[in-house]
Every structure is written in C-alpha cells, then in structure tokens.
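Peer 1: Just passing along the structure, written as structure tokens.
The values are calculated or read from the model by the stated rules, or taken from the named source; none is laboratory data. As the structure is a prediction and not an experimental result, all values here were calculated from the model. For neighbour counting, all protein chains shown are included, and Cβ atoms are generated from backbone atoms with ideal geometry for every residue, glycine included.
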Amino acid sequence: MNAHKGKERFLFITPYLTEVQRIIDECPDKIFCQPKTGKAKLRSLKILLESRRNIATTHALFHYFDQETIDLIKNNNYILVMDEVVDVVLPYEKRTSDERVEGITRSDLNCILKNFAHLDSDSHLVVWDDDTYYGGLSKYRRMCELGCLAVYGAGQMPLWLFPVDVFTAFSDVYVMTYMFEAQIQKYYYDMKNIEYEYLYVDMDANGDYFITKNKPDIKLKDYRSLIKICEKEKLNRIGDKQHDLSKAWYVRNQDNCLMGQLKNNVGNFFKNICVAKSERCLWTTFKSYKSKIRGKGYTKGFIPCNLRATNEFRDRDCFAYLMNKYLNPFVKNFFAQNGVSIDEDKHSLSELLQCLWRTCIRDDKPIHVFIAPSRMRKLLKQWIEENSPK
C-alpha cells in the first residue's frame, strides 16, 4: 500500500483493532483513518468514503455494509485489502437457546414469503416483491434487496449471505490468507461466479517485498520435529471415533463423565507431559463448552477456535485442540444445492492450522500439541508429511 502510486484509495479490514492501529502507524503517507466507535460507526465510515480517505477498520463493521456504502465505494474508486477471510454464509434462524442475537424467526420468514416476497427456485434467495411496504419487516426487505437472505431445504432454514455487490464494488480485492482453496469465501466466489487468481509475496535482492503470480521457491521446514504431537493412548482414546468431539458429541455428552475425563486429559497434558505453567498454555474448543473443560493452570489460555491474524500468543509452546470441526450441515448442503462441492476435510484442516499458527510455531519454534479428535490429528499428520522435507 505504501508503494502504490495510483489514484485508488484503500479500505483495509482486519479482525482486530490493534491491526487497524498498526496500519495507521506504518502507512503515514497514506493517512489512514478509522471510523468512530459506537452506534454511529457505519455513518462515520460513509463520511470517510465521501471524503475519499484511506480507511482501516474491522471485519465486524464490514458485515453491516448497505447499498449506500456500496455506492460510495464503487463511485470513489477503492481497493479492498482483507486481512483474512470473513464469514460469508451463516445460519440466520433466531433462537433463544444459544448466543446468536441476529436472526429471523420462522413466523416472520413465513409471513414474508406469504405476503411480501417469493423464493427464487434457482438461487434460493428471498426476493422482495412489495415495493410499497415500509413496516416492521423493512430490515428484511433491505436484506432481500441486497441478496442477503436465502432459504435452504424443505425445512426452510434461513441463511444470511454476504452481499456479493460489496466485493464487485471495488476496483480490486486482495485477500491475505492461507489455504484460500479451503475457505468458505472461495466457495462463495465460485457459487457467485466471481473470478479470482492466486498471488504470492516474494522478496527481491534488495530485501523489498513484491507481489507475483509465481509461487516462490520456499525451503520446507521440518515440521516433523517442530510439531510434537501427543501420542498417549490413554489421552487420545476419548476422541477415537470419526465424529468424536464434534459439536453433536458435546451436546450429547455435556452432562456425563466423558466431559470430566476430557478435562482431566487436558490437565494431564499441560501439567505432566508439557510440565508447563499457565503462561505457556493455549487451548480451544466450542465456546459454549469452555466452562466444562477449563481447569486449574490453563483456564486463561483459552482462545476462540476461529482466532486469526494475531501475534499475541506467539510465545505459547503448549497447545490443546479439543474439537472435531465440521461445517454446519445446512451451509454445506446449501452450497451443494447451488452446484458447489466443499472439501470438508481440507476446510477443517485449514481451521486447525490457523489456530495452531497463533503459537510459537509461527517463529519456527517447537511446540507440544494435544489434538484430541483422531480425525483432526490424522489431518494434521498428513499435512506435516506433505509440507516437510522428503
């Protein structure tokens, strides 16, 4: 961005405010601004777009873009730089039994489809028909007009889709991530027929970085010796079967002795195998079951399973991964219904690697890992063999 000489402006988005500040500090000539915080944040963003400023903000605000935001981006010639992918397809049913706040009730969805809109048989999008309506369901009308509300299957599961016009409004879009071919955003681009190409970062003889279409010849690291996987049969037994430690497994076993056994195994790994104090420990599982697993000596090391783009934990050298990551079946089947097949194992592996690479392994330092589900452990071992010297 510092080297860019064109007239385009930049919109840089990242998961964390600390990264927003880093961009502001390290691109002084571009004079990056960030929107104000609070309820008026979207309005603040629009003012910056109107003023044609370079902008750095977070993924969270990116999800609230509306048609006015899209128009301002398109007309003011912006380049998008994305630090990691964003959620582009999410279940949108409002429930009271979990932490989801956003959503639509089944009764509202049925009312909309009966009186104001129809379901497109090809795209499965809810298409708003009543141009005269401005009542209490206007929020969903705006979503329909942006192509954000879809319905999957005979059970009419509502799904939220990222408005594709946001991506096409930019003159260029750069997505910085690892294993994009396994990311849901890639499959979303395929479904929406958005063209993309793979680029790489390389370094010239003067030590300056540049972008190239040619994959750099990078010397492989010996991950067999750097990533030390726990092979204790007693600890690994709880995740032996293909679907053990999936979300369904946690739901089924949350109130029996297996949860206590898993907690004991984690404590055993950190205390007796790693002999690690709390400041060296990092672990993750489904957020809803964090309280069931946390224990003395490692509780504060919990991180969300979708953590990306942060260096905060690069000193941690003991890591426990306690979840068998599968795609939401409604999301997976929605893609299939639209002619896009997802490699679920590759997607699960990419999620594991993103989480693992928050640790000291990013600095090529050895790490002890406890991958409790046998499926996830097998995927990691395969990746290690494929990415280590022969």
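Listed here are the residues, each with its yes/no results for (1) of a type in the set (K, R); (2) in the same structural domain as M376 (by TED's automatic domain parsing); (3) modelled with pLDDT under 95; (4) in contact with a Pro (Cβ under 8 Å, 6 or more places away or on another chain).
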position: D217; (1), (2), (3), (4): no, no, yes, no
position: V251; (1), (2), (3), (4): no, yes, no, no
position: K263; (1), (2), (3), (4): yes, yes, no, no
position: I273; (1), (2), (3), (4): no, yes, no, no
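Peer 1: Within segment 175-187, is there a residue that is over 30 Å from K325 (Cα atoms), surrounded by 10 or more Cβ atoms within 10 Å (Cβ to Cβ) and outside the structural domain of R308 (by TED's automatic domain parsing)?
Peer 2: No, that holds for no residue.
Peer 1: Taking interchain pairs and intrachain pairs at least six residues apart, which have beta carbon atoms under 8 angstrom, with the first residue in segment 348-364 and acidic (D, E) and the second surrounded by 20 or more Cβ atoms within 10 Å (Cβ to Cβ)?
Peer 2: Once the first residue is acidic (D, E) and sits in segment 348-364, its partners that are surrounded by 20 or more Cβ atoms within 10 Å (Cβ to Cβ) give E351/K325.
Peer 1: Of all residues in segment 207-256, which are assigned to a helix (DSSP H, G or I), in contact (Cβ under 8 Å) with a residue 60 or more places away in the chain, within 30 Å of P389 (Cα to Cα) and not small (G, A, S)?
Peer 2: Answer for segment 207-256, where residues must be assigned to a helix (DSSP H, G or I), in contact (Cβ under 8 Å) with a residue 60 or more places away in the chain, within 30 Å of P389 (Cα to Cα) and not small (G, A, S): Y223, R224, L226, L235, N236.
Peer 1: Quick one: in segment 315-355, of everything that is at pLDDT 95 or above and basic (K, R), which residue is nearest to H124 (Cα to Cα)?
Peer 2: My answer is K346.
Peer 1: Based on what the data block shows, is Y174 within 22 Å of the chain's Cα centre (by Cα) and at pLDDT below 95?
Peer 2: Answer is no for this residue.
Peer 1: Restricting to segment 254-296, what's the tally of residues that are buried (at least 16 other Cβ atoms within 10 Å of the Cβ) and either on the phi > 0 side of the Ramachandran plot or among the hydroxyl-bearing types (S, T, Y) (or both)?
Peer 2: Number of matching residues: 3.
Peer 1: What is the one condition in (1) in a helix (DSSP H, G or I); (2) without any contact (Cβ under 8 Å) to a residue 12 or more places away in the chain; (3) under 24 Å from Y178 (Cα atoms) that S291 does not satisfy?
Peer 2: The one condition S291 does not meet is (3).
Peer 1: Let me ask something else. Just need a number here: residues in segment 346-390 that are acidic (D, E) and crowded, with 16+ Cβ neighbours inside 10 Å.
Peer 2: Within segment 346-390, the subset acidic (D, E) is 351, 363-364, 385-386.
With the extra rule that they be crowded, with 16+ Cβ neighbours inside 10 Å, the set shrinks to 351.
Adding up the residues that qualify gives 1.
Peer 1: Being of a type in the set (D, E) and either in contact with an Asp or Glu (Cβ under 9 Å, 6 or more places away or on another chain) or within 20 Å of K94 (Cα to Cα) (or both) is the filter here; which residues of segment 104-128 pass it?
Peer 2: Passing the criteria: only D108.
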